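No lab work stands behind these numbers, since they all come straight from the coordinates. What you see is a predicted model; the values in this text were computed from it and never measured. Don't worry about glycine lacking a Cβ; one is built from the backbone with ideal geometry, like all the others, and counts go over all protein chains shown.
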Amino acid sequence: QVQLVESGGGLVQPGGSLRLSCAASGRTFTPYYGWFRQAPGKEREFVAAIRWNGANPYYADSVKGRFTISRDIAKSTVSLQMNGLKPEDTAVYYCAAKPDGGQLWRRGDWNYWGQGTQVTVSS
């Protein structure tokens, strides 16, 4: 079992930055950690993923070049640095963890989820 708790959401103006953090406890050597987001009326979508040791970051095309995922093994945290935020980035952001196998982008292949944190990009 892995427990995940997100923090760092909030309101930011377009073009601004936010840093989300996810604290993991339990079986923290789960192979992959990632971030998904869900906007009102939309499906939950993949944002970024990283191996448990901080290797092989992978991003959705919509955030590539603006968002950076990182992992601090000593602190058991996964962070998402979001720069150049746009109104369309507004969503609830969820931290997640998964075993090997399946697809990183497929929501159903992720076993563990946090409660989510709201990110609103608006002027």
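For a quick check of your reading of the filter: which trypsin sites (Lys or Arg not before Pro) in the range 40-123 sit in a DSSP loop and have no more than 14 other Cβ atoms within 10 Å?
In loop regions of the range 40-123 (DSSP not H, G, I, E or B), the sparsely surrounded trypsin sites (Lys or Arg not before Pro) are Lys42, Lys64, Lys75, Arg106.
Taking the chain as a Gaussian network, where each spring joins two C-alpha atoms under 10 Å apart, which residue of Ala97, Ala24, Ala55 fluctuates the most?
Per the Cα network of the chain with a 10 Å cutoff, Ala55 tops the list.
Counting pairs of alpha carbon atoms under 8 Å apart in space and at least six apart in sequence, what relative contact order in percent does the chain give?
Relative contact order of the chain: 36 percent.
Along the principal axes of its C-alpha atoms, what lengths does the chain span, in descending order and rounded to whole Å?
40, 28, 25
Evaluate the Debye formula for the range 1-61 with equal point scatterers sitting on the alpha carbons, no solvent, and hand back log10 of I(q)/I(0) at q = 0.29 Å⁻¹, in q order, two decimals.
These q points yield log10 I(q)/I(0) values of -1.31.
What is the local net charge at Ser70, summed over the other residues whose Cβ is closer than 13 Å to its Cβ (Lys, Arg +1; Asp, Glu -1)?
In short, +3.
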